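*Asks:* Sending over a structure as structure tokens; questions will come in a sec.
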Amino acid sequence: MFNPKQAIQKNRPVKQILSRREQAEIEVERTLDEKQLLEAEKVFREGTVKIRDIIAPAAFKVTPSYLELGSKFVRTIFVINYPRYISVGWFAPVINYSATMDIGMFFYPIPAEVVLKQLKNKVGVLEAQLIADAEKGAPRDPIRETALQDIEKLRDDLTQGIEKFFQYALYVTMYANSKEELDNLTEKIESLFGSKLVYTKRTLYQAEQGFNSTLPLGNDELMISFNMNSSPVASSFPFISSELTSDEGILYGINRHNNSLILFDRFSLQNANSVVFATSGAGKSYAIKLEVLRSLMMGTDVIIIDPEKEYKHLSDAVGGTYINISLSSDSKINPFDLPRKVDDMKPADIIRSAVITLKGLMRLMLGNLTHQEDSIIDRALLETYAKKDITPTSDLTHVETPLMSDFEEVLSGMEGGDDLVLRLKKYTEGTFSGLFNSPTNIDLNNQLITFSVRDLEDELRPIAIYTIVNYIWNIVRSELKKRILVIDEAWWLMQNDDSAKFIYALVKRCRKYYLGVTTITQDVNDFLRSPYGQAIVTNSSLQLLLKQSPASIDVVKKTFMLTEGEKYLLLECGVGEGIFFAGSKHAAIKIVASYTEDQLITSDPKQLLEIEEAKREFNRQQNQAEEMDI
């Protein structure tokens, strides 16, 4: 008898089978769809721009000896031989050369047992050759004997684990904008290697393999190596940071290469002169004030020429003498003061020196002079001194020096001097009469002396600085003492040949008198384009370069022979950061100060205002306390 329930039960497995087939088909279709999507996505991604597409050159041409990589010409050289001895840091001149280069180094360690076996065989061969030569009565061969000694020493070091053995490959790839430039650069780099007795060759018919070997991929496609032990391999290590730490001196800052301290005594160099170049706000005055403060602690006398009244706060804090030179100031310097007697100087030498200095001042004051006017001024100066009984036969111990008005009076009585008198009037009777026509009344008996020329007109500033520096120079020569002279904004003096020549002569001669001259400028172009400015840099053993402007960086790079990396460091560094040169060494520096030092030397107007407000608040509280006590 037919039972519907049983029929349903019998048909259920069939439905289940059909359902599973449908599911499998659906899964297959889904898998196919995912594969199609993945293929489509792969095609899409291949069509998009990647980073390597952006940085890749537009063209790549391979020639037998060089490559053309876009607009650049590229050549690789490799080292084939080294001298018997090589010094630590021999590779530094190549690394520091101002050119774009890629350097590839490959180290292949060799097991000690393999090397020892080969060296043992080599020792046997050498000893056999030496014995054979001795039996034949041939003269001794120093080359073989030396080689035998070196091998025996190396065997000992390898056995004791002092040395390891490597196959070492060194490649240098150079970049230039033209074929001629590339050839010149290659010859210079080869000569640098040759100066260390390291011999190189150019890649011939392997230019592409040489270029690939210096890419940051770690592929050595040239496979040209040299057998070396650990010590000479280590001496080739390219990352060298100069240590500028000594037992004496002051702290200039932190070495940014290795965080060591830059402690240095500028008087330990061949001369104690220093130059500081930086843009406005880069921290040059801050750095010099920090050096001044720390030099005072070491007992060094410091004299400062301050054009912007930046050193007033520091001078007041340490009890220094602050002299304001201006038309309305009570502090006066007489340019006719005689130089102090040094050693066995005769009166004639003293007068001659004073006249020569005054003639330079007159050129600044009166402008260009003809030969006739120069001769008239020369005679007038001698007569001006003679009028005060200052002659080569006089006793100059107690004499009254003349004034500018005395010189004008003598000049007015000379034939051809009328025009000169007319030009001189403004300094004796006119607008500028309050500056150079009075006896000297300042005292330099202090460890820190600052001359402020901020309140002077721009026209008078070079003349006043010339007079001040000359007066300081006379003091310095008269007494041997460790001193530093700081000339801020020295580019003022570079604008005129006479004042620039005077500063150059001062920089050249100051070493004999235990004086170090620091010249600071933010107008690098004006300073370095002057022939005397270049000479001042050459005669300064200490150099500090802080942040530079793009307009002057090329001049700075050429003058100081900076690498591309150092150039960009000076363009991108922060306040108080730069490069510190001391003799032949230099390092990246960060100038640091303690909180107390920072409060004394800061030039930040906001910080100075806060300090002044704190002082006023302190004084107000003191007055209140005194009133309450009363």
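The values are calculated or read from the model by the stated rules, or taken from the named source; none is laboratory data. Not measured: the values here are computed from a predicted model. Note: ideal-geometry Cβ built from the backbone for every residue, glycine included; neighbour counts use all protein chains shown.
*Asks:* With farther than 30 Å from N271 by Cα, in contact with a Phe, Trp or Tyr (Cβ under 8 Å, 6 or more places away or on another chain), touching a residue at least 12 places away in the same chain (Cβ under 8 Å) and surrounded by fewer than 20 Cβ atoms within 10 Å (Cβ to Cβ) as the only criterion, which of T440, T393 stands out? If you could, list the steps in order and put the result at the bottom.
*Replies:* Numbers: T393 fails: in contact with a Phe, Trp or Tyr (Cβ under 8 Å, 6 or more places away or on another chain).
Selected residue: T440, the only one of T440, T393 that is farther than 30 Å from N271 by Cα, in contact with a Phe, Trp or Tyr (Cβ under 8 Å, 6 or more places away or on another chain), touching a residue at least 12 places away in the same chain (Cβ under 8 Å) and surrounded by fewer than 20 Cβ atoms within 10 Å (Cβ to Cβ).
*Asks:* Any residue at all in region 523-543 that is touching a Lys or Arg at 6+ places or on another chain (Cβ under 8 Å), surrounded by 19 or more Cβ atoms within 10 Å (Cβ to Cβ) and closer than 20 Å to P307 by Cα?
*Replies:* No, region 523-543 has no match at all.
*Asks:* Okay, moving on. Condition check: in contact with a strand residue (DSSP E or B) (Cβ under 6 Å, 6 or more places away or on another chain) and assigned to a loop (DSSP other than H, G, I, E, B). Does V592 satisfy that?
*Replies:* Values: in contact with a strand residue (DSSP E or B) (Cβ under 6 Å, 6 or more places away or on another chain): yes; assigned to a loop (DSSP other than H, G, I, E, B): yes.
Judged against the criteria, V592 is a match.
*Asks:* Still on this model: Could you say whether any residue in region 365-374 is in contact with a Ser or Thr (Cβ under 7 Å, 6 or more places away or on another chain) and surrounded by 15 or more Cβ atoms within 10 Å (Cβ to Cβ)? Break it down into steps so the answer makes sense when it comes.
*Replies:* First, the residues of region 365-374 that are in contact with a Ser or Thr (Cβ under 7 Å, 6 or more places away or on another chain): none.
For region 365-374, residues in contact with a Ser or Thr (Cβ under 7 Å, 6 or more places away or on another chain) and surrounded by 15 or more Cβ atoms within 10 Å (Cβ to Cβ): absent.
*Asks:* A further question follows. Quick check on my filter: what residues within region 503-522 are crowded, with 23+ Cβ neighbours inside 10 Å, assigned to a helix (DSSP H, G or I) and either polar (S, T, N, Q) or more than 23 Å from the chain's Cα centre (by Cα) (or both)?
*Replies:* none
*Asks:* All but one of (1) closer than 20 Å to T159 by Cα; (2) in a helix (DSSP H, G or I) hold for V94; which doesn't?
*Replies:* (1)
*Asks:* Could I ask something else about it? When you look at K606, is it at pLDDT 80 or above, over 25 Å from S246 (Cβ atoms) and out of contact with any Phe, Trp or Tyr (no Cβ under 6 Å at 6 or more places or on another chain), yes or no? Give the derivation first.
*Replies:* On the way: at pLDDT 80 or above: no; over 25 Å from S246 (Cβ atoms): yes; out of contact with any Phe, Trp or Tyr (no Cβ under 6 Å at 6 or more places or on another chain): yes.
Spelling it out, it is not the case that K606 is at pLDDT 80 or above, over 25 Å from S246 (Cβ atoms) and out of contact with any Phe, Trp or Tyr (no Cβ under 6 Å at 6 or more places or on another chain).
*Asks:* Another question, then. Between Y199, Y205, Y171, which is modelled with pLDDT of 90 or more and more than 28 Å from S71 (Cβ to Cβ)? Walk me through how you get there before you give the answer.
*Replies:* Details: Y205 fails: more than 28 Å from S71 (Cβ to Cβ); Y171 fails: more than 28 Å from S71 (Cβ to Cβ).
Result of the check over Y199, Y205, Y171: Y199.
*Asks:* Among the residues that make up region 215-235, is at least one of them free of Cβ contacts under 8 Å to residues at least 40 places away in the same chain and either at positive phi or touching an Asp or Glu at 6+ places or on another chain (Cβ under 7 Å) (or both)?
*Replies:* So far as region 215-235 goes, yes, one or more of its residues are free of Cβ contacts under 8 Å to residues at least 40 places away in the same chain and either at positive phi or touching an Asp or Glu at 6+ places or on another chain (Cβ under 7 Å) (or both).
*Asks:* When region 49-64 is examined, which residues are found to be surrounded by fewer than 10 Cβ atoms within 10 Å (Cβ to Cβ) and in contact with a Gly (Cβ under 7 Å, 6 or more places away or on another chain)? Please lay out each step first, then the result.
*Replies:* Taking region 49-64 as the starting set, the residues that turn out to be surrounded by fewer than 10 Cβ atoms within 10 Å (Cβ to Cβ) are 49, 51-55, 58-59.
Across region 49-64, the qualifying residues are A58, A59.
*Asks:* Can you pull out every residue in region 250-281 that is free of Cβ contacts under 8 Å to residues at least 12 places away in the same chain and within 14 Å of the chain's Cα centre (by Cα)?
*Replies:* Taking region 250-281 and keeping what is free of Cβ contacts under 8 Å to residues at least 12 places away in the same chain, we get 259.
None - no residue of region 250-281 is free of Cβ contacts under 8 Å to residues at least 12 places away in the same chain and within 14 Å of the chain's Cα centre (by Cα), so the list stays empty.
*Asks:* Turning to a different aspect of this structure: Which numbered condition trips up G249, out of (1) over 30 Å from G299 (Cα atoms); (2) modelled with pLDDT of 80 or more?
*Replies:* For G249, the failing item is (1).
*Asks:* Let me ask something else about it. Out of region 379-417, which residues are part of a helix (DSSP H, G or I) and under 14 Å from T428 (Cβ atoms)? Let's see the steps before the verdict.
*Replies:* So in region 379-417, the residues part of a helix (DSSP H, G or I) come out as 379-387, 404-412.
A380, T384, M404, S405, D406, F407, E408, E409, V410, L411, S412, listed by residue number.
*Asks:* Okay, moving on. List every residue pair whose Cβ atoms sit under 8 Å apart, with the two residues 6 or more apart in sequence or on different chains, where the first one lies in region 295-321 and is in the same structural domain as I465 (by TED's automatic domain parsing) and the second, anywhere, is of a type in the set (K, R) and buried (at least 21 other Cβ atoms within 10 Å of the Cβ).
*Replies:* Matching pairs, first to second residue: T300/R483; D301/R483; V302/R483; I303/R483; E310/K289; Y311/K289; L314/K289.
*Asks:* Among the numbered criteria (1) crowded, with 22+ Cβ neighbours inside 10 Å; (2) modelled with pLDDT under 85; (3) closer than 30 Å to E566 by Cβ; (4) not β-branched (V, I, T), which one does Q495 miss?
*Replies:* Tallying (1) crowded, with 22+ Cβ neighbours inside 10 Å; (2) modelled with pLDDT under 85; (3) closer than 30 Å to E566 by Cβ; (4) not β-branched (V, I, T), Q495 fails exactly one: (1).
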